[in-house]
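Asker: Mind looking over this structure? Questions follow.
The values are calculated or read from the model by the stated rules, or taken from the named source; none is laboratory data. Predicted model only: the values in this text are computed from it and were never measured. Counting neighbours? That spans all protein chains shown, and the Cβs are built from the backbone with ideal geometry, glycine included. Each accessible area value is taken on the protein alone, full model and side chains, heavy atoms only, with ligands, DNA and RNA left out. Shrake-Rupley method; radii C 1.70, N 1.55, O 1.52, S 1.80 Å.
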Amino acid sequence: MKNTFLDYGYTSEEIENRVNSTFYEIFEGMNRFYFGGLDDTGYFMDTGNCDARTEGMSYGMLMCVMLDVDGDKKEYFDKMWKFAVEFMYMDEGFFKGYFAWSVAPDGKKNAFGPAPDGEEFFAMALFLAGKKWGDGEGIYNYTKWAKKILRTCLHHTADMWEKESGLIRFVPGGKFSDPSYHLMHFYHYFALWADECDRPFWKKAEEASRNFLIKACHPKTGMNPEYAKFDATPEPYGPPEGHGDFYSDAYRTGANIGLDVLWNGDVTGGFSTIADNLVTFFADIPTENFYKYKIDGTPILLEDGTPEKALHPIGLLATLAQTTLACSPAAKDSAAKIVRRFWETPLRTGERRYYDNCLYMFAMMALSGKYAVE
């Protein structure tokens with residue numbers, strides 16, 4: 001897979017050291033958020049909310065399997081997966097077969113509902129683990145579990161995808177979506193690796209998600225709402241309202257578009273335009289002045305009239321850097337500004353570091369050519 005950082009003049013050694021040091025800081029460093037759990041398990045803590053989430057657990061597992069060299073990160077992967085199965089998996093109740101989206105560090109469930117993005121990242125990480133390390137017994141039969149997760153997502157009473165449209169739901173059985181949940185680049189492989197009877201659906205979902213995002217992203221700014229109806233219009237949701245704006249969850253959409261173009265090319269012919277618009281909008285705005293925006297680019301104001309600061313500015317910068325992978329030559333100057341600023345920006349510290357630094361790691365992986373299916 002293409003190592004984009006090389007195009008910006010960084011050396012192979014610099015890039016390798018930076019990727020490795022980023023992983024180390026997340027899993028072992030002073031500002032880590034990976035911790036050992038009960039019964040020889042491990043988990044990512046959402047440091048802003050003091051819980052473990054399927055989002056972060058599946059992110060951590062994917063980082064491990066993608067960056068593993070000769071089994072050096074397999075122990076982290078297996079410990080996180082064991083935590084997920086022992087403390088998050090629900091083997092009874094209405095949501096039987098899914099994973100509880102939030103649990104406490106001691107393994108007690110904070111909620112008994114699942115989040116679709118966690119399930120799809122779990123499935124992808126497990127498929128890749130099976131291919132890289134081979135399948136073992138029980139919970140370590142990675143491929144069997146990946147297929148089981150996807151089967152549940154599609155055939156549960158509360159399914160995670162709307163069958164008619166092929167679009168992922170915000171919650172099982174829900175009536176709207178989250179644009180950042182649309183992982184068409186994953187569905188491309190689910191259509192090859194899932195249960196054979198479901199493979200046509202995953203191919204449909206791949207195409208449907210690309211078309212959905214073209215409609216969900218603003219035609220001038222490239223921004224998308226956090227939540228969107230199935231017709232791709234913003235879904236404010238609430239209380240409190242505001243999920244129809246460009247904020248937090250929404251940042252991941254541009255990164256997903258960048259990764260899809262890296263893996264599959266601009267299949268629709270529309271993703272490069274979205275990426276160009278998004279990257280150009282932010283190229284000359286200092287990271288400390290990233291705000292919460294309406295999708296047309298209008299800053300959202302607080303009661304005192306000042307713009308509301310972005311809660312995850314480093315995360316936004318990281319996703320913009322990954323978005324540049326989809327940019328056309330017309331936006332090369334803006335893309336260069338974003339990538340160089342990302343390279344020069346350290347990992348976030350403090351209580352909100354978890355989300356920003358997950359997105360930071362993914363951008364490092366994508367731009368170094370390490371976010372790739374072998």
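Asker: Test Thr253 against the criterion of being surrounded by fewer than 22 Cβ atoms within 10 Å (Cβ to Cβ), within 27 Å of Lys370 (Cβ to Cβ) and hydroxyl-bearing (Ser, Thr, Tyr), and give yes or no.
Answerer: For Thr253, the condition - surrounded by fewer than 22 Cβ atoms within 10 Å (Cβ to Cβ), within 27 Å of Lys370 (Cβ to Cβ) and hydroxyl-bearing (Ser, Thr, Tyr) - is not met.
Asker: Name the residue, out of Lys74, Lys108, that is modelled with pLDDT of 95 or more and open to solvent by 70 Å² or more (accessible area, probe 1.4 Å).
Answerer: Lys108
Asker: Show the residue pairs that are 6+ apart or on different chains and have beta-carbon atoms under 6 Å apart, the first residue being within region 179-204 and among the hydroxyl-bearing types (Ser, Thr, Tyr), the second being not in a helix (DSSP H, G or I).
Answerer: Every condition considered, the pairs that remain are Tyr181/Ile168.
Asker: Let me ask something else about it. Can you tell me how many residues within region 104-127 are touching a residue at least 40 places away in the same chain (Cβ under 8 Å), of a type outside the set (Gly, Ala, Ser), more than 17 Å from Gly37 (Cβ to Cβ) and not in a helix (DSSP H, G or I)?
Answerer: Residues in region 104-127 being touching a residue at least 40 places away in the same chain (Cβ under 8 Å), of a type outside the set (Gly, Ala, Ser), more than 17 Å from Gly37 (Cβ to Cβ) and not in a helix (DSSP H, G or I): 1 in total.
Asker: Considering region 163-188 alone, what residues qualify as being closer than 25 Å to Ala100 by Cα and of a type in the set (Ser, Thr, Tyr)?
Answerer: Those that are closer than 25 Å to Ala100 by Cα and of a type in the set (Ser, Thr, Tyr): Ser177, Ser180, Tyr181, Tyr187.
Asker: Here are the criteria: (1) touching a Gly at 6+ places or on another chain (Cβ under 7 Å); (2) surrounded by fewer than 14 Cβ atoms within 10 Å (Cβ to Cβ). Tell me which single one Asn17 does not satisfy.
Answerer: With respect to (1) touching a Gly at 6+ places or on another chain (Cβ under 7 Å); (2) surrounded by fewer than 14 Cβ atoms within 10 Å (Cβ to Cβ), Asn17 is out only on (1).
Asker: Hey, another quick one. Might you let me know whether region 73-88 holds any residue that is part of a loop (DSSP other than H, G, I, E, B) and touching a helix residue (DSSP H, G or I) at 6+ places or on another chain (Cβ under 9 Å)?
Answerer: yes
Asker: Is it the case, given these coordinates, that Lys294 is under 22 Å from Asp249 (Cα atoms), in contact (Cβ under 8 Å) with a residue 24 or more places away in the chain and surrounded by fewer than 20 Cβ atoms within 10 Å (Cβ to Cβ)?
Answerer: Criteria met by Lys294.
Asker: For region 46-62, does any single residue satisfy the condition of being over 24 Å from Ala104 (Cβ atoms), outside any loop (DSSP other than H, G, I, E, B) and touching a residue at least 40 places away in the same chain (Cβ under 8 Å)?
Answerer: no
Asker: Hey, another quick one. Is it the case that region 14-35 has a residue that's in contact (Cβ under 8 Å) with a residue 12 or more places away in the chain and assigned to a strand (DSSP E or B)?
Answerer: Yes, that holds for at least one residue.
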